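Below: one structure, written as C-alpha cells.
The values are calculated or read from the model by the stated rules, or taken from the named source; none is laboratory data. These numbers were taken from a predicted model, which means no experiment stands behind them. Because the Cβ atoms are built from the backbone with ideal geometry, glycine has one as well, and the counts that use them run over all protein chains shown.
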C-alpha cells in the first residue's frame with residue numbers, strides 16, 4: 001500500500017524518478033485547493049499523476065479564504081441558480097462524506113435594526129437557500145432551517161451586539177472549515193495515498209501540453225518533466241503560464257480579532273454594508289478564541305503579490321461596518337493580524353463584486369495546456385473533476401469516472417465516529433481519526449506534549465507530525481500553513497525558534513533513516 005505521508009525524503013525520491021525520464025498521465029501545476037483536487041481526482045481514477053508547486057501546499061489564495069463552506073446564498077442574489085445549486089451540493093459532499101472532520105455547522109445571526117426592505121430580502125434569500133439545502137439532501141439535523149429570533153435570543157447568540165434599537169434578527173446555518181489550509185493538506189495526502197507525486201518547492205517556468213520545464217528551488221537544478229497532459233491550476237497566476245487566460249483578480253481582506261474584545265460567542269454575525277443590498281461583512285468566530293472579520297471585494301491593481309497585503313483602507317472599512325452593530329466600537333488597536341486573498345475571476349467587464357464565480361476549463365490555443373480557473377473553495381472538487389474530464393478527452397486516456405464525491409479524505413469519518421475518537425477535541429477538528437496518533441507523540445516523549453510557546457495550544461507534537469507526514473519543509477510551512485500561528489504575527493515570532501528547531505531535527509532524522 002502506498003503511504004499517504006509527505007516527507008522531504010519522498011519528495012527527493014519522486015523528483016529523481018520523474019527527472020530520469022518517467023512520464024505521467026497528468027502533470028498538475030499548482031498546489032492550492034484546485035490543484036491538489038485535480039491530483040486526487042486523477043489518481044483515484046487510476047491515472048499516474050504528479051503535482052508541482054512553486055512554494056508550499058496552500059501557499060496562495062487557498063489559505064486566505066473566510067474558512068466558510070458556502071451553500072450558494074450569494075449566488076442566488078445574483079441570479080446564478082446553477083452555481084448556487086452546485087455550491088449547495090458540494091457543501092453537502094464536504095460536510096457529510098469527504099471531510100466531516102474538517103467542517104462544522106456555523107450559526108449566522110442577521111441582526112435587525114429596522115431596515116425593513118433589507119431584512120425582508122434577507123429572509124427571502126435565507127429561505128431560498130434552505131430550499132437549496134433540501135435539494136442537496138443535507139439533513140436539517142446538520143444545518144437547521146432558518147428562523148426569526150427575538151432580540152433576547154439574538155443577544156444570547158451574539159452577546160456583543162448593540163442592544164439599543166435591536167428588534168431581533170434572523171438565524172440561519174452554513175458550513176465552516178476548521179481551516180482552509182488543512183483541507184488542502186488533507187486532499188494532497190489523500191492524493192499521495194492513491195499514488196500521486198506531490199512535489200513542493202518546484203517552480204514551473206515553461207508549459208506545453210505534454211511537458212513542463214521546472215526548477216527545483218532547493219537545489220537550483222532545472223529539469224523537463226514529461227506528461228500526456230499538463231493542467232495549469234495556479235489560480236491568479238494562471239495567465240503567466242498560459243497567456244491566453246485573461247483574469248481580473250479581486251482582493252478579499254480579513255482581519256483577525258480577539259473574540260473577547262468583540263463580545264461574540266460561537267455564532268457568527270452578518271452585518272449589512274450600508275447603501276448596498278445583499279452585501280454583508282462577516283464576524284466569524286473561530287476555534288481558539290479568535291474572530292475573523294471580512295471581507296472586502298476590491299479590484300487588484302498591478303501584478304498579484306505572492307503574499308498580498310491588506311491596505312489600511314480595507315482595515316478601516318471592515319472595522320467601521322462591523323462596529324455599526326456592536327456594543328463596543330472596534331479600532332485598529334483591536335486588530336491582531338490581517339490577511340488578504342486574491343480571487344481568480346474571469347475577465348468579463350463590470351465591477352469585480354459582480355463578476356461570476358463560475359469556473360472554466362480553458363485550452364491554450366498555442367500550447368495545448370489546460371487551465372482550470374475561477375470558482376470557489378467550496379466547489380474545488382467539481383472544478384477538479386471537470387479539469388480531469390477535459391484532460392481525459394484531450395488525450396484519449398482510459399480512466400474511470402470521477403469518484404471523489406464519495407471518497408473520504410485522510411482522517412475523515414462520520415460525525416458519530418469522530419465523537420468516539422479518543423483524543424482532545426481540538427486535535428480531532430484538525431486531524432480527524434489521526435488525532436490519537438498526533439497525541440501519542442506527546443505521550444511517548446513528554447517534551448512533545450509541551451506548547452511551542454506559552455499561551456498557545458499548539459504543541460511540539462503537531463510540528464513533528466507536520467514534518468513527518470504533511471510535507472512541511474521549514475518553519476514557515478508549519479507556522480503559516482499547518483498551524484496558522486502566522487495569522488497573528490506576534491504569535492508566529494514567539495513560536496518560530498522552537499518550531500524551526502523541531503522541523504530541522506525531524507527532517508534531519510528522516511534523511512538519516514535507512
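Quick rundown of the values:
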read-out: Residue identified as surrounded by fewer than 16 Cβ atoms within 10 Å (Cβ to Cβ) and under 30 Å from residue 402 (Cβ atoms) among 206, 276, 266, 260; value: 206
read-out: Enumeration of residues in segment 469-480 that are in contact (Cβ under 8 Å) with a residue 40 or more places away in the chain, over 20 Å from residue 437 (Cα atoms) and assigned to a helix (DSSP H, G or I); value: 476, 477, 480
read-out: Single residue of 288, 275 found to be closer than 21 Å to residue 156 by Cα and modelled with pLDDT under 90; value: 288
read-out: Tally of residues being surrounded by fewer than 24 Cβ atoms within 10 Å (Cβ to Cβ) and out of contact with any strand residue (DSSP E or B) (no Cβ under 8 Å at 6 or more places or on another chain) across segment 38-61; value: 3
read-out: Candidates 460, 384, 429, 412, filtered to the one that is closer than 20 Å to residue 48 by Cα and at pLDDT 95 or above; value: 384
read-out: Positions within segment 189-219 being closer than 26 Å to residue 142 by Cβ and touching a strand residue (DSSP E or B) at 6+ places or on another chain (Cβ under 8 Å), in sequence order; value: 189
read-out: Any hit, segment 229-247, residues being at pLDDT below 95, in a strand (DSSP E or B) and in contact with a strand residue (DSSP E or B) (Cβ under 8 Å, 6 or more places away or on another chain); value: yes
read-out: Selection within segment 112-140 - exposed (fewer than 13 other Cβ atoms within 10 Å of the Cβ) and either assigned by TED's automatic domain parsing to the domain that holds residue 263 or under 24 Å from the mean Cα position of the chain (by Cα) (or both); value: 137, 139
read-out: Only listed residue being surrounded by 15 or more Cβ atoms within 10 Å (Cβ to Cβ) and over 30 Å from residue 31 (Cα atoms), chosen from 177, 143; value: 143
read-out: Breaking point among (1) modelled with pLDDT under 95; (2) in contact with a strand residue (DSSP E or B) (Cβ under 9 Å, 6 or more places away or on another chain); (3) assigned to a loop (DSSP other than H, G, I, E, B), for residue 362; value: (3)
read-out: Failed criterion for residue 458 (all others in (1) buried (at least 18 other Cβ atoms within 10 Å of the Cβ); (2) more than 21 Å from the chain's Cα centre (by Cα); (3) free of Cβ contacts under 8 Å to residues at least 60 places away in the same chain hold); value: (2)
read-out: Meets criteria (modelled with pLDDT of 95 or more, part of a loop (DSSP other than H, G, I, E, B) and crowded, with 18+ Cβ neighbours inside 10 Å) for residue 170; value: no
read-out: Residue in segment 483-490 that is touching a residue at least 12 places away in the same chain (Cβ under 8 Å), in a helix (DSSP H, G or I), farther than 25 Å from residue 32 by Cα and in contact with a strand residue (DSSP E or B) (Cβ under 8 Å, 6 or more places away or on another chain) present; value: yes
read-out: Sole residue being in contact with a helix residue (DSSP H, G or I) (Cβ under 8 Å, 6 or more places away or on another chain), buried (at least 19 other Cβ atoms within 10 Å of the Cβ) and not in a helix (DSSP H, G or I), chosen from 388, 421; value: 421
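Conditions tested, residue by residue: (1) more than 25 Å from residue 456 (Cβ to Cβ); (2) in a helix (DSSP H, G or I); (3) at pLDDT 95 or above; (4) outside the structural domain of residue 54 (by TED's automatic domain parsing).
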| residue | (1), (2), (3), (4) |
| --- | --- |
| 281 | yes, no, yes, yes |
| 293 | no, no, yes, yes |
| 296 | yes, no, no, yes |
| 302 | yes, no, no, yes |
| 307 | no, no, no, yes |
| 315 | no, yes, yes, yes |
| 318 | yes, yes, yes, yes |
| 321 | yes, yes, yes, yes |
| 329 | yes, no, yes, yes |
